[in-house]
Amino acid sequence: MRRLRSQDGFTLPELLVTMVIAMILSLATFSLIEVVMKRSGDVGARVETTATGRTAMDQITRQLRSQVCAKRATMGTARSIDAAGPASLTVFADFTNENVSGGIMPAPDLRTISWANNIFTETVVKGTRKDTDNSVSYSGTGTSRQFLTSVVAAEFLNNDKTKPIFFRYYKFPDAGTVGANAALPNEEIAAGAYRNLTDDELLSVARITISFDVLPKSGNVNGATMLQNEIYVRTADPNAQSPKPTCLTY
């Protein structure tokens with residue numbers, strides 16, 4: 001009897017205390033695992049959005065840096081930007097080798113980058129060059145492709161969510177401006193307005209900034225990535241006496 005008594009198990013209070021401690025440790029472990037998995041998911045989502053966003057930004061800047069001067073028959077002056085607004089931009093872009101065929105230079109493409117319903121779409125319309133006056137013309141709707149989804153605006157006009165801004169446009173200061181920034185295109189065109197640029201404003205665009213947020217497939221904003229970039233219009237020479245975009249040839 002004495003040997004059996006020496007091998008008694010836990011008392012009820014001891015068992016209850018042991019169970020409480022085990023439950024506390026289990027809850028702490030599961031909470032830690034949940035936090036680690038959540039953070040791991042956020043990191044994975046951010047890596048995904050950064051990769052896809054950078055690829056899309058590279059495509060956008062590549063197209064904008066390929067601007068060339070062109071003139072439609074209805075234009076008074078040649079320019080490199082056909083149309084521009086807060087969520088859409090259309091430029092004359094040339095990715096050909098510029099070999100003359102039949103005595104006529106190839107016509108640049110009309111390339112549009114536009115945003116709608118959280119999607120960036122690229123539309124390309126092939127052009128035709130007229131040999132008599134070197135003007136270009138475009139017909140049809142062209143071909144379109146979606147190259148970035150789950151993209152939202154990083155900026156809004158006056159914090160109005162119905163007025164997203166993806167593109168901003170800047171020009172050189174007016175003639176006579178002095179100071180360190182006199183030769184920098186830092187004056188925003190149509191600042192405070194939500195509209196497309198006029199023909200005169202399109203002629204003055206020297207710098208374009210692009211910004212947007214890319215959301216992960218889950219739509220969780222914790223994994224979103226913001227991207228920003230800027231390009232200078234090739235026809236703008238900051239070393240000119242009165243710097244402004246100038247299309248000398250087209």
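Rule-based calculations on the coordinates, nothing more; no lab input. Keep in mind the model is a prediction, meaning the values are calculated, not measured. Quick reminder, even Gly has a Cβ in these numbers, built from the backbone with ideal geometry, and neighbours come from all protein chains shown.
Can you sort 17, 151 from fewest to most other Cβ atoms within 10 Å of each residue's own Cβ? Let's see the in-between values first.
On the way: 17 12, 151 23.
The order, fewest Cβ neighbours first, is 17, 151.
Taking neighbour counts of Cβ atoms within 10 Å as a proxy for exposure, in what order, fewest first, do 94, 131 appear?
On the way: 94 18, 131 10.
Result, fewest neighbours first: 131, 94.
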Q) Taking residue 244 as the anchor, which lysines have their alpha carbon closer than 24 Å to its alpha carbon, excluding any fewer than eight residues away along the same chain? A) 71, 171
Q: Using only alpha carbon pairs under 8 Å that are at least six residues apart, calculate the relative contact order of segment 37-232 and give it in whole percent.
A: 22 percent
Q.
Order these by the 10 Å Cβ neighbour count, fewest first: 80, 150.
A. 150, 80
(Q) Can you list residues from other chains, or at least 5 along the same chain, whose modelled amide H is less than 5 Å from the amide H of residue 172? (A) 206
